[in-house]
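Below: the structure, in structure tokens.
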Amino acid sequence: MIDEIFAELYAAPDLWRPRTLNRNEFLSRAGEVDHNVYYVEEGAIRIFHITDHDEHTFRFGYRGSQITSQRSFYRGGPSE
């Protein structure tokens with residue numbers, strides 16, 4: 001199913017717009033609702049969650065990968 005979603009998105013280039021992040025800049029923050037899927041064109045990105053005492057890394061995205069806040073994208077709720 002996800003492959004069909006991405007195939008439709010790739011077929012509609014007007015839905016894509018570049019966004020450049022600087023080192024240590026956040027793409028989104030906990031509690032925000034994000035309905036976007038991001039494509040890593042170059043570099044890398046880390047998805048993590050901060051608790052009272054620790055950082056927990058969930059995933060790394062490298063060149064050529066897609067990244068999204070799954071809770072926000074699929075449920076329309078705030079990210080954790």
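The values are calculated or read from the model by the stated rules, or taken from the named source; none is laboratory data. Source: prediction; values computed, not measured. Methodologically, a virtual Cβ is constructed for each residue, glycine included, from the backbone with ideal geometry; neighbour enumeration extends over all protein chains shown.
Output the number of the condition that Asn24 fails; it satisfies all remaining conditions of (1) part of a helix (DSSP H, G or I); (2) at pLDDT 85 or above.
Against the list (1) part of a helix (DSSP H, G or I); (2) at pLDDT 85 or above, Asn24 comes up short only on (1).
Is the stretch 2-16 home to any residue that is in a loop (DSSP other than H, G, I, E, B), out of contact with any His (no Cβ under 6 Å at 6 or more places or on another chain) and under 16 Å from Phe73 (Cβ atoms)?
Taking the stretch 2-16 first, the residues in a loop (DSSP other than H, G, I, E, B) are 11-12, 16.
Restricting the remaining residues to those that are out of contact with any His (no Cβ under 6 Å at 6 or more places or on another chain) gives 11-12, 16.
Restricting the remaining residues to those that are under 16 Å from Phe73 (Cβ atoms) gives 16.
Yes, the stretch 2-16 contains a residue that is in a loop (DSSP other than H, G, I, E, B), out of contact with any His (no Cβ under 6 Å at 6 or more places or on another chain) and under 16 Å from Phe73 (Cβ atoms).
Among the residues of the stretch 46-75, which ones are loosely packed, with under 12 Cβ neighbours inside 10 Å and within 25 Å of Pro13 (Cβ to Cβ)?
Result: Tyr62, Arg63, Gly64, Tyr74.
At pLDDT 80 or above and touching a Ser or Thr at 6+ places or on another chain (Cβ under 6 Å): does that describe Phe48? Break it down stepwise before answering.
Working: at pLDDT 80 or above: yes; touching a Ser or Thr at 6+ places or on another chain (Cβ under 6 Å): yes.
Spelling it out, Phe48 is indeed at pLDDT 80 or above and touching a Ser or Thr at 6+ places or on another chain (Cβ under 6 Å).
Report, by residue number, each residue of the stretch 4-45 that is among the hydroxyl-bearing types (Ser, Thr, Tyr) and surrounded by 12 or more Cβ atoms within 10 Å (Cβ to Cβ).
Correct list: Ser28, Tyr38, Tyr39.
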